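Everything on this sheet refers to the single structure shown next.
The values are calculated or read from the model by the stated rules, or taken from the named source; none is laboratory data. Here the structure is a predicted model, which means the values were calculated and not measured. So basically every Cβ, Gly included, is an ideal-geometry build from the backbone, and we count neighbours across all protein chains shown.
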Amino acid sequence: METGHYLKTVLEVFDSPDIKKAFDANTKWDVIEIVSTRFLSGAAELSQRAKMAESGRRVLKFVADNDFRTAIDPILFQSTVRPMGGHAEAWVAAYRMTPEGRGFAGIAPEAAANSPAGAHKSRRASSLHSARVDRN
């Protein structure tokens with residue numbers, strides 16, 4: 001119990017406006033990363049990992065709490081999972097800022113086009129292109 005209390009107190013101190021200003025940081029995780037890098041020659045990328053942890057937690061909680069009875073209707077499924085899109089994108093963006101994520105090539109364009117969402121976008125882009133050609 002004492003350790004948890006001390007940890008909470010330290011995180012509150014790191015989150016105070018004067019400490020964040022002194023280290024030119026936006027969040028408590030930025031403060032920890034700066035102190036670790038500047039004074040301890042330690043692990044960097046803590047703020048990115050904190051973002052990944054928070055985004056991942058939200059996505060996993062959503063998946064755990066949802067029974068996904070929307071499998072019958074794709075539109076209903078898309079509207080159900082749409083709120084998680086931002087969290088998934090935040091996780092990927094933070095991951096790409098980490099050392100191992102910098103080398104991540106991502107999804108190949110042909111693989112994305114073959115996915116259901118990618119195929120839908122390809123059909124839509126194709127129909128938009130056809131509409132433009134027809135007007136000319």
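Couple of notes before you dig in:
- The lone criterion from (1) without any contact (Cβ under 8 Å) to a residue 40 or more places away in the chain; (2) loosely packed, with under 13 Cβ neighbours inside 10 Å left unmet by Val92 is number (2).
- The helices (runs of 4 or more DSSP H) found wholly in the stretch 15-88 and carrying at least 1 residues that are modelled with pLDDT under 85 and in contact with a helix residue (DSSP H, G or I) (Cβ under 7 Å, 6 or more places away or on another chain) occupy 28-40, 46-65.
- Every pair of residues 6+ apart whose Cβ atoms lie under 7 Å, when the first sits in the stretch 1-18 and is within 17 Å of Ile32 (Cα to Cα) while the second is at pLDDT 90 or above: Val13/Ile19
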